[in-house]
Structure formats: structure tokens, C-alpha cells
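The values are calculated or read from the model by the stated rules, or taken from the named source; none is laboratory data. Because the structure is predicted, anything quoted here is derived from the model rather than measured. Heads up, the Cβs are rebuilt from the backbone with ideal geometry, glycines too, and the neighbour counts pull from every protein chain shown. SASA here: full protein model, heavy atoms, side chains in, ligands and nucleic acids out. Shrake-Rupley method; radii C 1.70, N 1.55, O 1.52, S 1.80 Å.
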Amino acid sequence: MRTIVDGFREMVHLIGDTFRLWWRNLLPLATWFLAGYIGFKACTEGAIWLSEHSHGSIGVGLFSAGVLMQIAAYVGMIRTCATSLYRWRDAAGNQAEETSDPTQRGLLELLAVTLLPLVAVWSAWGFLETQVSELNVSNLVQRGLQPGSEFFQLSDGRWHKYLPAIVILLVLRRVFEAVDDRWPSRPVKFAQVWAESFFLLITVVVTPFAIQDGKDWFEVRNFWYWSLGWWGGLKDFFASIHIPVPAGIEFLWGFFWENLWPLFKLGVAEPLTWLAITTVVFGHRVLSSGGVFRGTRVERRFGDQLEAEAPKQNRIVALTNKAPNLLLGGFREKFYPTLNAFRLLVRVGPVFLGVVCMVYTFWLLGDDWLFYGLSRLIGDHGERWGLMNAEIARLIGDVVFQTLRIALLAAAFDLCISVGIERKTEAAAAAKAKVDAEAEAKPEAEVATV
């Protein structure tokens, strides 16, 4: 019962703080959002024009720049809310805590830490697919259905032409890294992260088509030791003996993929990942791989194993392990702050995280309801006005709910700091009480023994 009461109290506090932050920072939040939106739209129109004039590769780069502008705008929106948080202020001033003041860090420094994880978030939870779909719809309206008018010409093996761009971006980020190591500079560091983000965006767009081509290549070949029709034969065999084991596996997998995974994705994974990105913007001082487990149960249980030295490797194995770092070295370090951010989320416990997921679900429902309400209010004015009406309704809804989402994440982080401090205090008090009880029990045991 106490858990339910605590969860309800934290939910009320979170909703109240969200609307307080949103109303207080609505103008700068909306300004940041509109700047990213205008930059994305301008890049989209420029990309379509370049694609129409046989410069599709440059158009893909321009579209990617527009997406990165929107992501940078989200970082600026999160940073804007820092001045209105009050629980976080005490934690930022305490050297024992891991948070630092983002207002004391430049925007380029924040983007260098957050841009690559945010690109991964957009790719994983479907935001990039939404932007690509918006680009394709605008391209279809402007250029029609004539042959060669599609923007991303990736099917039928045409994704190969993007491989040189991917290789060039890898080489560029390695050059920028070498220059930054020799002459440290924030603009060079930011250019390196920008090249990495371009590489990740293009790779995410190209990968599904490459995988599909690989499946098609394998499907048309029939190896003597392997056949793609073995699953059908296995199903027929079990069906003949009236034990539908393969059919049951298909049913369970379909139930998980079609019902459970979308709920988990929208209701749990997406809000917690966004909250982790928010904590990265507000700064984590622990930036090493070992720091991910510091202060957690993993360190207390496997502390000796974590600190044990790795066995020495011979020269050939060492060179083999270093080979991927020639081009990909440094990528994983960009994700260390995000991994560390999950430590803060784990520390506050499942009750508070469940509250955050519940309020985020309310946000998702409100966003959809407002869009459909505005669409009904505008009405149907024919095919020529359908796209413009949908974009107007989506823009109005995004100005309200995208800024509200940032306020929700900032309020959740602020309350997360408070709840985390309470949990740490309670854990320290419980540990002290346990030590005192053991100290009191020890003399009594000695007297009983005598």
C-alpha cells in the first residue's frame, strides 16, 4: 500500500513540475524547436532539389544535416530547462554527486557528448523513420511517380553507391580525431562528432536494404547442407503427429513481436532512454567504462573480478584486437556517458521509473489526440490540401507536445535526483543500523560464551 501511495505522490509532483517548467520556459523551448524545424524543412527542400538535378548523394548529406539540426535543437531545449530546476541545483553543487551544471558547458561540448547517442535513439525508436517518410512524401508530391523520381534509390542493389560516402566519412572522422589529438580544439572535436553522426545516419538508412539483398542472395541458392524450406517440413512433421510445437513457437513469437514489444518500446524503453539522454545533458562526471558499475550491486558482488588484471595477450592477438580501432576507435567512448546515466535511473528504483513511464504514456496519448483533434477541426479540403493540412496540424501539435516532452524529461530528472538522494540516505541508514546491531550483538554473544 505504501508503494502505491508513494507512486501516486511522485506522479502528482512530476505532473505539477512538468507544467511549471513548460509554462516558465515555453518561449525559449518553442524557439529552439522552431529553429530545428525550419532547419530540417529547409534541408529537406534543398535535398529534393539536389536529387531532382542529379545530385542525390549531396542531397542525402543535406537531409542528414537537417536531421542533425533537429537533434541539436533538442539538446538546446533540454539545456534551457536547467535554470528552472531547483532540486538539481543542490546536487550539482555537491561534489559527491555525479551531476554538473550544463549552463557552464558550451553547446558544442554538450553536442560532442550527446549527438551520437541521440542519433542512435532516433534510429532505434523510429524517429528517423518518421523523418525519412516525411521526406519521401514531400518528394512524391513535388516530383510525382515518374521513373527515377524516388529520393532514396536503395533497392535493387543501388545502395552500393552510398558505400564510398560511408568510407569517406570514416576516414574524415579519423583525420579529425588525429588533428584533435595533436592540436586540441572544440570545433575540431565537434566536426569529428558531426562526421560520426553522418556516418551513423547513412549506415542506418542503408543497412535494411543491404540485409534484404543478402537474404535474397541466400534464398535463391540451395546448399546441400542447408535449405530454407526446412522449417515448413518440420511443421508438417509435427502436424502429422498432432504435436504442433513449431506452430506454437510461431504463435509465441508473433504475440511477443506484435503485442508485447510495441508496448515495451513505447511505454518503457523510449521514455527511459530519453531520460538517460537528459541526464547526459545535465552532466555525468564518471566517463570511464569501469565507472559504469561503480557504486552498484555489480561492483559489490564482483568487485574483485572487475579489478582483476586481464591476462596478457600475445602480439598477434593484440594487433588483431586493435584493428577495428583504426577506423572505429572512439565510438564506444561516446556512449559511456549514456551508460553511466542509467546508473542514476537504476538507483531510484522501479516505482519512480514506473511513474515516469506512466506519465510519458499520458504524453503519447495526448499527442495523438491533439493531432487527430486538429485534423478534424481543419477538415477535409480535397487531395491538394491534404498534405499541407496534415503538416499544419502536426506542427501545432509538436510545438505544444515536443516542448512539453522536454519539460517532462527535465522535471523527471530533477525529481530523480531527489528520489535518488532519499534512496541513498535510506540505504546508508539501514547499513549503519545493521552495523550497530551487529556491534551490540557481539558483546552479548561473548558474555554468553563465557
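Report, by residue number, each residue of region 162-220 that is of a type in the set (Asp, Glu) and either surrounded by 13 or more Cβ atoms within 10 Å (Cβ to Cβ) or touching a residue at least 60 places away in the same chain (Cβ under 8 Å) (or both).
Step one: filter region 162-220 for residues of a type in the set (Asp, Glu), giving 177, 180-181, 196, 213, 216, 219.
The answer is 177, 180, 196, 213.
Could you please find all residues in region 21-53 being touching a residue at least 12 places away in the same chain (Cβ under 8 Å) and over 30 Å from residue 143 (Cα atoms)?
Step one: filter region 21-53 for residues touching a residue at least 12 places away in the same chain (Cβ under 8 Å), giving 21-22, 24-26, 28-30, 32-37, 39-48, 50-52.
21, 22, 24, 25, 26, 28, 29, 30, 32 - these are the residues of region 21-53 that are touching a residue at least 12 places away in the same chain (Cβ under 8 Å) and over 30 Å from residue 143 (Cα atoms).
Working carefully through the options 49, 32, 88, find the one that is of a type in the set (A, V, I, L, M, F, W, C), at pLDDT below 90 and open to solvent by 50 Å² or more (accessible area, probe 1.4 Å). If you could, list the steps in order and put the result at the bottom.
Working: 32 fails: at pLDDT below 90; 88 fails: open to solvent by 50 Å² or more (accessible area, probe 1.4 Å).
Going through 49, 32, 88 in turn, the sole match is 49.
I'd like the residue in region 121-154 that is among the aliphatic types (A, V, I, L, M) and open to solvent by less than 30 Å² (accessible area, probe 1.4 Å) and, out of all such residues, is modelled with the lowest pLDDT.
Step by step, filter region 121-154, then rank; the result is 154.
Say whether the condition of being of a type outside the set (Asp, Glu), open to solvent by less than 20 Å² (accessible area, probe 1.4 Å) and not in a helix (DSSP H, G or I) is met by at least one residue in region 53-72.
For region 53-72, residues of a type outside the set (Asp, Glu), open to solvent by less than 20 Å² (accessible area, probe 1.4 Å) and not in a helix (DSSP H, G or I): absent.
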